[in-house]
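Accompanying notes for the structure given below.
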């Protein structure tokens, strides 16, 4: 099962950092948050990734092109008038990473639609490139398989400006809407499992995934929630970035299971 990560937005709420790089490439603990998310999935055996890039997409491509250099000790020896490269303590994650330029101003649904050819006719995992969680991915997938619906999302209770969920007793999402400041109800934390039929719910680049597609799925009874009471944190602001960085520095990062 492939993992799709949305990594194309401008990151305007954390512009202090995102003016230099895409938000998913902003580092916590010396590594991009995108890398942390990928390590989460890899811990559970999911090692094939499709990254929906957009804003400054070349930064993501160049980082993976140099991933070998980032993770090895290397001696560059020019003493004989030639370039000799000696690699010490080589380490590479066993990942297959497809980075797709899904457009500069494409909406979230449009980005998912654009990578359809890389997914094919099979279910896939999907999340946002700016949040980390310690949810058990294998249990999430098993829950998705158990109900046979088109989409499952992970629902958490946090004071964040994400999509609000009206969840029934059977874990079906009865209604999906954008959050209001006064809400104290479960919200969409990403970490989704999606059937390939999801592509039929997306019209094109202008489609916001969290609006028409999810609202329609909820209305049809095809959107289920995996309610999770553990750790989840997005990185919308510099304060949240610093909070995650501090957690890593203090050895208190729940998402770091590897």
Exercise for the section: Compute the acute angle (0 to 90°) between the alpha-carbon long axis of helix 33-43 and the principal axis of greatest extent of the alpha-carbon atoms of the chain; round to the nearest 10°. Expected result: 80
Fill in the blank from the handout: By Cβ neighbour count within 10 Å, fewest first, 46, 226, 78 rank 78, 46, 226
Fill in the blank from the handout: For segment 3-249 the mean separation of alpha carbon contacts under 8 Å (6+ apart) over residue count, i.e. relative contact order in percent, is 23
Exercise for the section: Given the options 237, 102, 79, state which has the largest fluctuation in a GNM of the chain using a 10 Å cut-off (strictly under) for Cα springs. Expected result: 79
Exercise for the section: Report relative contact order for segment 61-118 in percent, whole number only (criteria: Cα-Cα under 8 Å, sequence separation at least 6). Expected result: 25
Exercise for the section: Determine the distance separating the Cα centre of segment 134-158 from the Cα centre of segment 50-124; give it in Å without decimals. Expected result: 28
Practice task
Determine by what factor the alpha-carbon radius of gyration of segment 198-258 differs from 2.2 N^0.38 Å, reporting the quotient.
Solution key: 1.63
Practice task
Could you work out which residue, out of 48, 215, 82, moves most in a Gaussian network model of the chain, that is, has the largest mean-square fluctuation with Cα springs under 10 Å?
Solution key: 82
Fill in the blank from the handout: Square roots of five times the C-alpha gyration tensor eigenvalues of the chain, ordered largest first and given in whole Å, equal 33, 20, 18
Handout entry: Residue-averaged 222 nm ellipticity for the chain, from DSSP H runs of 4+ at -39500 (n - 2.57), nearest 500
Key = -7000 deg cm²/dmol
Handout entry: Shape metrics for segment 49-151, restricted to C-alpha atoms - Rg then Dmax, Å
Key = 19.0, 65
Problem - Crossing angle, helix 238-249 versus the chain [Cα axis fit, 0-90 degrees, rounded to tens] - result: 60
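Just so you know, all these numbers are worked out from the coordinates, no wet-lab data involved. Owing to the predicted nature of the structure, the values given are computational and were not obtained by experimental measurement. Don't worry about glycine lacking a Cβ; one is built from the backbone with ideal geometry, like all the others, and counts go over all protein chains shown.
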